[in-house]
1. Looking at the stretch 67-77, is at least one residue closer than 21 Å to Ala327 by Cβ and touching a Phe, Trp or Tyr at 6+ places or on another chain (Cβ under 7 Å)?
2. Here is a list of conditions, (1) surrounded by fewer than 20 Cβ atoms within 10 Å (Cβ to Cβ); (2) modelled with pLDDT of 95 or more; (3) away from the ligand (no atom under 16 Å from the Cβ), and Val256 meets all of them except one; can you say which number that is?
3. Can you tell me which residues in the stretch 226-252 are assigned to a helix (DSSP H, G or I), under 24 Å from Gly41 (Cα atoms) and out of contact with any Asp or Glu (no Cβ under 7 Å at 6 or more places or on another chain)?
4. List the residue pairs whose Cβ atoms are under 9 Å apart, where the first residue sits in the stretch 220-246 and is closer than 21 Å to Ile423 by Cα and within 8 Å of the ligand (Cβ to nearest atom), the second is at pLDDT 90 or above and not in a helix (DSSP H, G or I), and the two are 6 or more positions apart or on different chains.
5. Would a scan of the stretch 211-218 turn up a residue that is at pLDDT 95 or above and acidic (Asp, Glu)?
6. How many of the residues in the stretch 35-59 are β-branched (Val, Ile, Thr) and in contact with a Phe, Trp or Tyr (Cβ under 7 Å, 6 or more places away or on another chain)?
7. Considering only the stretch 57-93, how many residues are at pLDDT 95 or above and out of contact with any helix residue (DSSP H, G or I) (no Cβ under 9 Å at 6 or more places or on another chain)?
8. Closer than 29 Å to Lys297 by Cα and among the polar types (S, T, N, Q) - does that describe any residue in the stretch 158-168?
Amino acid sequence: MEQKKHGFSSKVGVVLAAAGSAVGLGNIWKFPYVTGENGGGAFLIVYLICVLMFGLPLLMTEFVIGKKAGKSAYGAFRELSGTNRWQWLSWCCIITVYLIMGFYFVVTGWCTNYLYEAIMGSYAGLDADGMMAHFQSTVSSAPRMIGVGIIPILLTAGVLWFGVNEGIERLSKVLMPLLLLMMLLMAGRVLMLDGSSEGMRFMFQIDFSKITPEVVMMAAGQCFFSLSVGVGMLITYGAYMPNSQNVTMTSLQVIVLDTMVAVLAGIIIFPAVFAFGFNPAEGPELVFVVLPAVLQKMSFAWLSGVLFFLLLFVAALTSTISLMEVAVASLCEVSRHRLSRHQSVLIVTAIVTVLMVACVLSETLFAGSDMLVTQILMPLGALGMSLFVGWYMPIKKKDLMPQGQTPLKRRLRPVLMFSLRWIVPIAILLIFLNGLGVFDAVRG
Ligand code: TRP
């Protein structure tokens, strides 16, 4: 349990770090474009169901595993099971984390680029078509994209090197509410645009005929990604938790905050999409063409643009810090601490830089690693963890809530265990089988 010594200073610290990890490009970049590609309201409702059905139990599971083992994803399963039989799960987590970093840093690079452009006023005055052309010409310059991608890698590595995590925690205590406030203002502005109501209809009107197996699969993948579950990252955070921390409340807080930011991003993007005549199913570039257009309509346009992209950049950084932390912590453990933390930071930085450059140069690799991660590796990790806790190492009542008993609390553990034993694994298996096309064959 020696890791507890380096634990967070306060309970708020864990919540903030976990929320900082969860809230990131997944909410503001990925959620709107995936929603746009998968039918709007139909996707949203399936997503919300996934958050309750998968997200909440898995978040609690990872925290409990970490809290009990006091180890990171690499050592936790061995510590708790006393065997090597679950080591595949640790490796699955570690590989996933590297793959995520490859494409995540590319998109963080896009943010860096737009932050710079917001400061310089480069996109000022462009109309919808102009924004699109501008985005395309920007990302097609590989040297530039590599340059802007390296900046967040170095910043993230710097935070891990100097161990200023606590400073980041304190910073995000201020910046996270500011990001929410800024997004509320933007939503307010967007809703005053002509034609914005169509966007609200797109986002909130549920057309049940649009709920296809494909939509369910995308929603589940997005849920894992946005909440940062299924890669053992929260195991590491659980290991840092004070014993008295209430896992249930912490998980609920993270989920509510994360979902709020995602939905708010949708409320900004879709009304603007329809008001400006963009296509909601545009793909990964959606947010980066729509948001600058929205920001130009704000009062104090320059300041709003700079502030927003700065907040987005920081939100992305708190996520990359959490990702790289997993990679560094596990590299130290894999090398049996023959590598120091500083050496591990250097090695991980080098590997991640190569992955980022590869994702810049190959669009197939960029889209492919995203797909592989959200559709296969994260669900696989989640499946492994639900089976581990559901069948191998059942959760005890005191793991969830340290003190007190109420009827609600008493019912919580059985419900959680039932969902980890049956609901989560079966649902993930169905999603997998569907991905393999098994049901297409049945349907003929
Ligand atoms: N959840 C973050 C987002 O929405 C991305 C992220 C950070 C992540 N750490 C993670 C995803 C760990 C999976 C695993 O942007």
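The values are calculated or read from the model by the stated rules, or taken from the named source; none is laboratory data. Quantities reported herein were computed from a predicted structural model and do not represent experimental measurements. Because the Cβ atoms are built from the backbone with ideal geometry, glycine has one as well, and the counts that use them run over all protein chains shown.
1. Yes - at least one qualifying residue is present in the stretch 67-77.
2. Tallying (1) surrounded by fewer than 20 Cβ atoms within 10 Å (Cβ to Cβ); (2) modelled with pLDDT of 95 or more; (3) away from the ligand (no atom under 16 Å from the Cβ), Val256 fails exactly one: (3).
3. Leu252
4. Phe224/Gly230; Phe224/Val231; Ser226/Val23; Ser226/Gly24; Ser228/Gly24
5. For the stretch 211-218, residues at pLDDT 95 or above and acidic (Asp, Glu): absent.
6. 1
7. 0
8. There is no residue in the stretch 158-168 that is closer than 29 Å to Lys297 by Cα and among the polar types (S, T, N, Q).
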